[in-house]
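So the structure is just underneath, and the comments pick up after that.
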Ligand SMILES: Cc1cc2nc3c(=O)[nH]c(=O)nc-3n(C[C@H](O)[C@H](O)[C@H](O)COP(=O)(O)O)c2cc1C
């Protein structure tokens, strides 16, 4: 798919639609060495932090992708048309720790423009981020205690802020 560069400040998307309902892929690692992993994400945010375009993702420490988010300085977030629903469902239910899930998904990783983490030839939107901050959700800080029901195993998400440094997408994502 041919994607056009989009100024990160002009990125236009419906975050609830794309994250919660259609879901995206989070990928971190190094395309050149093949040392990377990816998983489906449904929670996160886009916005502004320290006057820079921000993508926030949340990763449970139990995910294999967590190891890559810790080891590498950048990540990509990619969106796909509904044709790839099955692939995203697979990448969000199998772990790269014990399956070759990327091969099974049929997605083809390719070099990103400004970060070492890969993007995908089938993506319709590719957001390249440099990690700038992390923190862990703390049980004592949940003001709405009912949210703790999301953590029966107490594997509280680690939050990562990424500065969006490059975006490519189809026209609908250019504001
Ligand atoms: C629609 C959907 C959304 C998801 N969102 C997240 C998320 O935001 N954060 C997270 O830690 N796991 C999320 N997951 C779970 C991971 O994608 C899943 O555990 C995956 O198998 C982890 O793969 P890995 O072990 O190779 O990293 C989601 C799964 C699905 C199906």
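Just a few scattered comments:
- Evaluation of residue 56 against (1) within 11 Å of the ligand (Cβ to nearest atom); (2) over 13 Å from the mean Cα position of the chain (by Cα) (one fails), failing number: (2)
- Residue within region 78-92 that is surrounded by fewer than 19 Cβ atoms within 10 Å (Cβ to Cβ) and closer than 20 Å to residue 133 by Cα present: no
- Selection count, region 3-33, where residues are assigned to a loop (DSSP other than H, G, I, E, B) and either surrounded by 14 or more Cβ atoms within 10 Å (Cβ to Cβ) or out of contact with any strand residue (DSSP E or B) (no Cβ under 9 Å at 6 or more places or on another chain) (or both): 7
- Of the residues making up region 140-156, those that are in contact with a helix residue (DSSP H, G or I) (Cβ under 9 Å, 6 or more places away or on another chain) and surrounded by 11 or more Cβ atoms within 10 Å (Cβ to Cβ) are 142, 148, 151, 156.
- Residue identified as buried (at least 20 other Cβ atoms within 10 Å of the Cβ) and under 16 Å from the mean Cα position of the chain (by Cα) among 127, 165, 159: 127
- Whenever a residue of region 22-45 is within 19 Å of residue 87 (Cα to Cα), its partners that are within 6 Å of the ligand (Cβ to nearest atom) and modelled with pLDDT under 95, lying with C-beta atoms within less than 8 angstrom and at least six residues away or across chains, give the pairs 40/23; 41/23; 42/23.
- For region 34-48, a tally of residues being more than 11 Å from the ligand (Cβ to nearest atom) and surrounded by 15 or more Cβ atoms within 10 Å (Cβ to Cβ) returns 1.
The values are calculated or read from the model by the stated rules, or taken from the named source; none is laboratory data. Note that the coordinates shown come from a computational prediction; the quantities given were computed from them, not determined experimentally. Here Cβ is always computed from backbone atoms with ideal geometry, including for glycine, and neighbour counts include all displayed protein chains.
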